[in-house]
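See structure below.
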Amino acid sequence: MNGSGLWHAEQAWLGHRAENVLIEVEGGVIKAITEGVPAPRDAIALKGWTVPGFANVHSHAFQRLLRGEVESGGGDFWEWRDRMYGFAAWDPADYFNHARLVFREMLEAGITAVGEFHYLHRLGNELGLALIDAARQEGIRITLIDACYLRGGLDGRPLGEAQLSFSDGDANRWARRVDELKDADGVRIGAAIHSVRAVDPESMRTVFAYAKARGMPLHIHLAEQPAEVEECMEVEGCTPTELLDREGILDPDLTAVHAIHLSENDLSLLGFYGVQVCSCPTTERDLGDRVGPMRALSELGCQLSLGSDSNAVIDILEEARGLELDQRRATGRRVLHQPEQLLRAATRDGMIALGWQAGALEPGMLADFVTLEQPRGRWRELSPAYLIYGFSGRDVTNVVVGGNTVVDR
Ligand SMILES: [Zn+2]
């Protein structure tokens, strides 16, 4: 991902709307951005709107198989989870091929970096490496967020049959396995505590210290369902967020995924530590999850990002408007987030959560950018509001990752 070249965008988002923008890229990084200049002859013309590449902060590639499978039938989150476990056994070659299709779909929707929250460890690192190889093959940036997963629930109950393949046995063995995974061009290794359900407090501290010592992003599923909060109250006498505080896990490098069922004290803690929060609206809707207090979190200082999670839908613009629109129905209020903030969640703030110096069209940033154009030319002046509410991933016509064109249609 160290391409070089010149691109000329008809309109581009530089934190403000700009026209006739020349983007100079050298070695995969933006070297210069110049507004209001005619296109040089050797520049690639980008018609329509050019914006920073989208960050998909939370994905489970294998769950893409559930699309069209679980939308019928019934049940709740936990019944969905049982069905999802039925799709978790893979051999590396099949997983590589499957992940390539998923990552290609992401690129075509303008996603230039994906965070794979990975816990399929039956074959050690083989499936993680299959994800990395698939990402490199397709040309998408990947942060492999390797999740520690050790137990079946907060009361210490053993892993269920399907969950056995997720576990390394203990946190030290998790760390030794993750040690074998290396950062590379377009590849970052991150860490995850799967959830307060799946990892005991002592092991949480091990994972936290491991990630901290290496400057890795650390992610966790947090408070997606009331049952997790209730069990935590029963066993630990506090909420999941309070438990993380007690164990010293809350930190600005931590991304809490979902963060839906939060008390007032949880909100203040997450805000106080500047924890990042990733919302996954299309999956949360599908699973019957409630709507989290995203506006309050953001006002308290938590940066928001977005993920396609189960990949039943792959469209970060849909996630961005879902973050806002779901809260409208839950609160009876409008415009809880300004469109510019939603665009930042989809780009810069998401890239931060994944550990990438990307997500803005500025010199020094990785050269990831996306061009969108509505069919039949029904587009006008670029604005974050029109982009978030009027476009979808299907309107993407051109994608550049690290100075290499990976989608051109
Ligand atoms: Zn997840």
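The values are calculated or read from the model by the stated rules, or taken from the named source; none is laboratory data. A quick note: this is a predicted structure, and the numbers were derived from the prediction, not measured. FYI the Cβ positions are ideal-geometry reconstructions off the backbone, even for glycines, and counts take in every protein chain you see.
Among strands (runs of 3 or more DSSP E) lying entirely in region 1-90, which contain 1 or more residues that are aromatic (Phe, Trp, Tyr)? It would help to see each step written out before you state the result.
Details: elements: 5-13, 17-26, 29-34, 44-52, 54-59.
Those strands (runs of 3 or more DSSP E) span 5-13, 44-52, 54-59.
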Those residues of region 229-262 which are without any contact (Cβ under 8 Å) to a residue 40 or more places away in the chain and more than 19 Å from residue 276 (Cβ to Cβ) amount to 229, 230, 233, 237, 238
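In this structure, does residue 228 turn out to be in contact with a strand residue (DSSP E or B) (Cβ under 9 Å, 6 or more places away or on another chain), assigned to a helix (DSSP H, G or I) and at pLDDT 95 or above? Give the steps one after another, and end with the answer.
Working: in contact with a strand residue (DSSP E or B) (Cβ under 9 Å, 6 or more places away or on another chain): yes; assigned to a helix (DSSP H, G or I): yes; at pLDDT 95 or above: yes.
Yes; evaluated as a whole, the condition is true for this residue.
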Looking at this structure, is residue 222 buried (at least 23 other Cβ atoms within 10 Å of the Cβ) and either under 23 Å from residue 142 (Cβ atoms) or more than 16 Å from the ligand (Cβ to nearest atom) (or both)?
yes
Name every residue in region 261-281 that is within 16 Å of residue 345 (Cβ to Cβ) and either surrounded by fewer than 24 Cβ atoms within 10 Å (Cβ to Cβ) or among the aliphatic types (A, V, I, L, M) (or both), in order of residue number.
270, 274, 275, 277
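This table checks each residue for (1) within 20 Å of residue 16 (Cα to Cα); (2) polar (S, T, N, Q); (3) touching a Pro at 6+ places or on another chain (Cβ under 8 Å); (4) away from the ligand (no atom under 16 Å from the Cβ).
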{"residue": "267", "(1), (2), (3), (4)": "no, no, yes, yes"}
{"residue": "285", "(1), (2), (3), (4)": "no, no, no, no"}
{"residue": "293", "(1), (2), (3), (4)": "no, no, no, yes"}
{"residue": "298", "(1), (2), (3), (4)": "no, yes, no, yes"}
{"residue": "311", "(1), (2), (3), (4)": "no, yes, no, no"}
{"residue": "320", "(1), (2), (3), (4)": "yes, no, no, yes"}
{"residue": "333", "(1), (2), (3), (4)": "no, no, no, yes"}
{"residue": "345", "(1), (2), (3), (4)": "yes, no, no, yes"}
{"residue": "360", "(1), (2), (3), (4)": "yes, no, yes, yes"}
Kindly evaluate residue 366 against the criterion of being crowded, with 23+ Cβ neighbours inside 10 Å, without any contact (Cβ under 8 Å) to a residue 60 or more places away in the chain and either away from the ligand (no atom under 16 Å from the Cβ) or of a type in the set (D, E, K, R) (or both).
no
Within region 54-103, take every residue that is surrounded by fewer than 17 Cβ atoms within 10 Å (Cβ to Cβ) and within 19 Å of the chain's Cα centre (by Cα) and give me the one that is farthest from the ligand (Cβ to nearest atom).
101
Go through the residues of region 233-248 one by one and say whether even a single one is within 15 Å of the ligand (Cβ to nearest atom) and surrounded by fewer than 16 Cβ atoms within 10 Å (Cβ to Cβ).
no
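Within region 175-188, does at least one residue satisfy the condition of being modelled with pLDDT of 95 or more, surrounded by 16 or more Cβ atoms within 10 Å (Cβ to Cβ) and of a type in the set (Asp, Glu)?
To start, the set of residues in region 175-188 that are modelled with pLDDT of 95 or more comprises 175-188.
Next, only the ones that are surrounded by 16 or more Cβ atoms within 10 Å (Cβ to Cβ) stay: 175, 177-178, 181, 186-188.
Keeping just the survivors that are of a type in the set (Asp, Glu) gives none.
Within region 175-188 (the criterion being modelled with pLDDT of 95 or more, surrounded by 16 or more Cβ atoms within 10 Å (Cβ to Cβ) and of a type in the set (Asp, Glu)), the answer is no, since none of the residues qualifies.
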Just to check your reading of the model, which residue among 136, 197, 141 is under 26 Å from residue 107 (Cα atoms), crowded, with 19+ Cβ neighbours inside 10 Å and among the basic types (Lys, Arg)?
141
Does any residue in region 181-206 that is farther than 16 Å from residue 57 by Cβ come within less than 6 Å, Cβ to Cβ, of a residue that is part of a loop (DSSP other than H, G, I, E, B) and at pLDDT below 95 six or more places away or on a different chain, and which pairs are these?
185/1; 186/1
What are the residues in region 307-340 that are buried (at least 23 other Cβ atoms within 10 Å of the Cβ), more than 18 Å from residue 390 (Cα to Cα) and among the small types (Gly, Ala, Ser), if any?
307, 308, 310
